[in-house]
Every structure is written in C-alpha cells, then in structure tokens.
1. Whole number please: convex hull volume per residue of the Cα set in region 99-153, in Å³?
2. Setting aside same-chain residues fewer than 8 positions from LYS101, which aspartates and glutamates have a Cα under 16 Å from its Cα?
3. How long is the gain from ASP126 to ASN70 if the chain were fully straight, where each residue apart is worth 0.36 nm and the alpha carbon distance is subtracted?
4. I'd like to check one number: the per residue accessible area of region 58-130, probe 1.4 Å, reported in Å² as a whole number.
Amino acid sequence: MGLLRMLVRLFAGRGRPQLPRETTEPFQPLILREQVASRAIGIKPPQSPQMETILRGRCWVIDGDTIVFNSIRLRLAGIDAHELDHPWGQRSKLALVQLCKGQTVTARIKPELSYDRMVAECFLPDGRDLGAELVRTGLALDWPKFSGGKYRHLEPADARRKLWRAQARQRGGLSNAG
C-alpha cells in the first residue's frame, strides 16, 4: 500500500519538490477595492491593463538585437542593429555578449511581434536597458517607428552615417531579413 501511495503522490505532483519558476511569470495586476465595489453595484470597471510577461534568467545572444531565453527568441524593442553579415554586425553582437555575460537579464515582453521573434525591453540587474547601452555605444540605432524616439538622444553624432544599412532599412530602402 505504501508503494501505491508514493506513486499517486509522485504523479499527482505533491511528492515532487516544486522549484520556483523565474523564467515565465505573468505580471498579475492587483484588483483594487474600487474595482471590487463597482462590480458589486453593477458599474462597469475601467479597462484593466494588459497582463505583462516577465522573463528572467540567462540568455544567449544571436545578433546585435536578438537574444534567446529558453528557446524563445526576443528582439530588443525600439532599436535596430546590423545583421551579422553587414558591417558592424559582429561588433554589435560582441558588445551585447559582453553586456549579458554572466548576468541575469530581465525581459519585459511587449505584445507585438517582429518576424519570428517576440519583442521585449531587456534590463541588466543594475537597471541598465540593453537597447540603450547598444545605442549609446554607437552599435545600434534608435528606431523611432517602434520606440517613439526613446533612444534617439543616446545616439553618437556619426552613428547614422556609420550604420547606414540599418538607417536605409528603417526608411524601407532595404528588406529586413531579421
């Protein structure tokens, strides 16, 4: 009988230790008292914010604006870096590798998609934004269409001239393969 009880616990999930999941925890918005009270008297509550998904952990760098968390490809939101076969592409990737190396990165997933990748704002443990760091070093450009100009003030003076392929892609002059 003890063996049967142990098997039931094992397969029911009670017998296994549950490890905390850090990688995919959706942000649960709090329900405010006003919202609960308005439901009780029949008033339509205000629209709740969309649930936000946070990924936290170590990542792999694919290129200057793409990282991977547990086989989930993420594009850094609001920036554009050269592809690996373009000038400055390898340097962009290396800079991102150096930023992420040995760090626990936090990614705040945005609802939009970019080709086969989800889009996310990514941060280091000290609060630095990965996209902002790449733009500041001149290895990526602000993409105002998607960032609203959030990173434009961080671009070095010659960045658009140096990263001309990324600038041409933003204007629609080149096809974007990734």
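The values are calculated or read from the model by the stated rules, or taken from the named source; none is laboratory data. Owing to the predicted nature of the structure, the values given are computational and were not obtained by experimental measurement. Keep in mind that these areas ignore ligands, DNA and RNA; they rest on the heavy atoms of the full protein, side chains included. Shrake-Rupley method; radii C 1.70, N 1.55, O 1.52, S 1.80 Å.
1. Numbers: hull volume 5.6 nm³, N = 55.
Value for region 99-153: 103 Å³ per residue.
2. ASP63, ASP65, ASP126, ASP129, GLU133
3. Values: separation 56, 0.36 × 56 = 20.16 nm, distance 2.21 nm.
Taking ASP126 through ASN70 to full extension adds about 17.9 nm, to one decimal.
4. Working: 3570 Å² over 73 residues.
For region 58-130, the solvent-accessible area averages 49 Å² per residue.
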